[in-house]
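Participant: Structure provided below as structure tokens; questions to follow.
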Amino acid sequence: MPTAIITGASRGLGLALARALAQRGWRLVIDARERGPLEAAARELQAHTEVVALPGDVADDWHRAALVAAAGDELDLLVNNASVLGPSPQPALATYPLAELERVYRVNVVAPLALIQRALPALKTGAKVLNVTSDAAVEPYEGWGGYGSSKAALEQISRILGAERPELRVYAVDPGDMNTRLHQEAFPGEDISDRPPPEESVPGLLALILGDHPTGRYSARELAVA
């Protein structure tokens, strides 16, 4: 039974991916900051597979250690999906609170790398690391300086890790616009119901997880169409 760690799996894209993997018999280690929604997600997923649900913040080292310990000695997939937007509405860089920017980088950049470092001994040859990114990492959208630059840093970490660890497949994957809580926080007061649900991005993620694509950056929607 293959094993995956998926962070931020109580809702949105993380939960949608966890559902798809659970239905395919994957053993899952999932986390989220809020205990209630995470436990509800775990109960649903446990109808299909073995699930370990650990509430906590990926920015905390003790929590990252618990996730890796729960996965065991062999890990097939690590999905760094958990992230934070930062202040909402998003401020311009000229007035961006630096303490908030440090928090965004701790969660979106440092925590994924720290979790990868802890997981490396268990990531066997051919295992996959999937870092969820955004088009804000490459497009200079006004107001997205904090979140976008953190995702740009995560993408460069993904590229370098892929070069340093050729026995792994390291993916930076852009899921596209989605109707999620994070996207709603990015557009407070706006109706984002026209955005597609996160389930529409899952086929692209599965193409990477179950396929044989080389290390690199991918668009989930383009993979799904292909």
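Participant: If the label point is 7 Å along Cα→Cβ of ALA65, which residues in the range 111-134 have backbone nitrogen under 16 Å from it?
Facilitator: The answer is 114-121.
Participant: Can you give the Rg and Dmax of the chain based on its C-alpha atoms, in angstrom?
Facilitator: So, for the chain, Rg and Dmax equal 16.4, 50 Å respectively.
Participant: Let me ask you something else. Over the chain, what is the relative contact order in percent, taking alpha-carbon pairs closer than 8 angstrom and at least six residues apart?
Facilitator: Once divided by the residue count of the chain, the mean separation gives 19 percent.
Participant: Starting from the Cα gyration tensor of the range 71-130, take the square roots of the eigenvalues, sort them a ≥ b ≥ c, and report rounded, prolate or oblate (rounded when a/c is under 1.5, otherwise prolate if a/b is larger than b/c, else oblate).
Facilitator: Prolate shape, in that a/c is at least 1.5 and a/b is the bigger ratio.
Participant: Separate question: What is the local net charge at VAL170, summed over the other residues whose Cβ is closer than 13 Å to its Cβ (Lys, Arg +1; Asp, Glu -1)?
Facilitator: +2
Participant: Bins of 10 Å, beginning at zero and ending with the bin holding the largest distance: percent of Cα pairs per bin for the range 1-130, please.
Facilitator: 13, 43, 30, 11, 3
Participant: Something else about it: Can you give the % of DSSP beta bridges in the chain that are antiparallel, to the nearest 5?
Facilitator: DSSP beta bridges in the chain are roughly 0 percent antiparallel.
Participant: Here is a further query. For GLU199 and MET1, what does the FRET efficiency come to when R0 = 30 Å and r is the distance between their Cβ atoms, rounded to the nearest 0.05?
Facilitator: Here the calculated transfer efficiency is 0.80.
Each value in this text was obtained by applying a stated rule to the coordinates, not by laboratory testing. What you see is a predicted model; the values in this text were computed from it and never measured. Here Cβ is always computed from backbone atoms with ideal geometry, including for glycine, and neighbour counts include all displayed protein chains.
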